[in-house]
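Asker: First the structure, then my questions, so here it is.
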Amino acid sequence: MQVSITVNGKRYERNIDPRMLLVHFLREELGLTGTNIGCDTSQCGACTVHLNGKGVKSCTCLAVQVDGMDITTIEGLAQNGALHPMQEAFWELHGLQCGYCTPGMIMASTAYLATNPSPSEEEIRGSLEGNFCRCTGYQNIVAAIKSAAEKMQQEPVGV
């Protein structure tokens, strides 16, 4: 099947198997390996991307279902060589350990902040319900999200 998908601001047209998952399209067709495959069952959130601005698990949708839509991956968050405030906060506040869940955590968190730009710690923890980290214990992840939210309130970001 022919699809046309805009990823990180660039339009891609490909002939693909109609059964191809979006996560495989991103990784195998486009070489965007920042979107991780963690469980293949939509449990872990490592594959979270933005679909038309909303956080979705890319292992739960077929690439043909997003034909004509806009996708942002972790590679698309940085703008003009500058990290997104969420990426900076994860780095500065040690919101990662092995890093495998980090792209999904960052993408889910940035999508969440678009709907709740000034969340409490409890709200942040609730927003992470569909994203698992097996290394950090979440405290630094929550701190990073809180810090990024505060910074983004002061200096709004386009993504």
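The values are calculated or read from the model by the stated rules, or taken from the named source; none is laboratory data. The structure presented is a predicted model; accordingly, all values stated were derived computationally and were not measured. Every residue, glycine among them, receives a Cβ derived from its backbone with ideal geometry; neighbour counts consider all protein chains shown.
Asker: Which of the residues that make up the stretch 71-93 are assigned to a helix (DSSP H, G or I) and of a type in the set (Gly, Ala, Ser)? So that I can check it myself, show each step before the final result.
Answerer: So the first thing to find is which residues in the stretch 71-93 are assigned to a helix (DSSP H, G or I), and the list is 74-76, 85-92.
Selection gives 76, 89.
Asker: Residues of the stretch 1-28 being touching a residue at least 24 places away in the same chain (Cβ under 8 Å) and part of a helix (DSSP H, G or I), which ones?
Answerer: 22, 23, 24, 25, 26
Asker: How do the pairs read when you match residues in the stretch 59-79 that are on the phi > 0 side of the Ramachandran plot with residues anywhere that are assigned to a strand (DSSP E or B), using Cβ under 7 Å and keeping only pairs 6 or more apart or on different chains?
Answerer: Short answer, once both residue conditions are applied: 68/4.
Asker: Out of curiosity, is residue 35 in a loop (DSSP other than H, G, I, E, B), under 22 Å from residue 9 (Cβ atoms) and either among the hydroxyl-bearing types (Ser, Thr, Tyr) or not assigned by TED's automatic domain parsing to the domain that holds residue 8 (or both)?
Answerer: Yes; evaluated as a whole, the condition is true for this residue.
Asker: Does the stretch 124-134 include one or more residues that are surrounded by fewer than 18 Cβ atoms within 10 Å (Cβ to Cβ), more than 17 Å from the chain's Cα centre (by Cα) and more than 18 Å from residue 25 (Cβ to Cβ)?
Answerer: Yes, that holds for at least one residue.
Asker: Within the stretch 110-120, is even one residue in contact with a Cys (Cβ under 7 Å, 6 or more places away or on another chain) and of a type in the set (Gly, Ala, Ser)?
Answerer: Within the stretch 110-120 (the criterion being in contact with a Cys (Cβ under 7 Å, 6 or more places away or on another chain) and of a type in the set (Gly, Ala, Ser)), the answer is no, since none of the residues qualifies.
Asker: Okay, moving on. With respect to the numbered conditions (1) surrounded by fewer than 22 Cβ atoms within 10 Å (Cβ to Cβ); (2) modelled with pLDDT of 95 or more; (3) among the β-branched types (Val, Ile, Thr), which one is the sole condition not fulfilled by residue 41?
Answerer: Every condition holds for residue 41 apart from (2).
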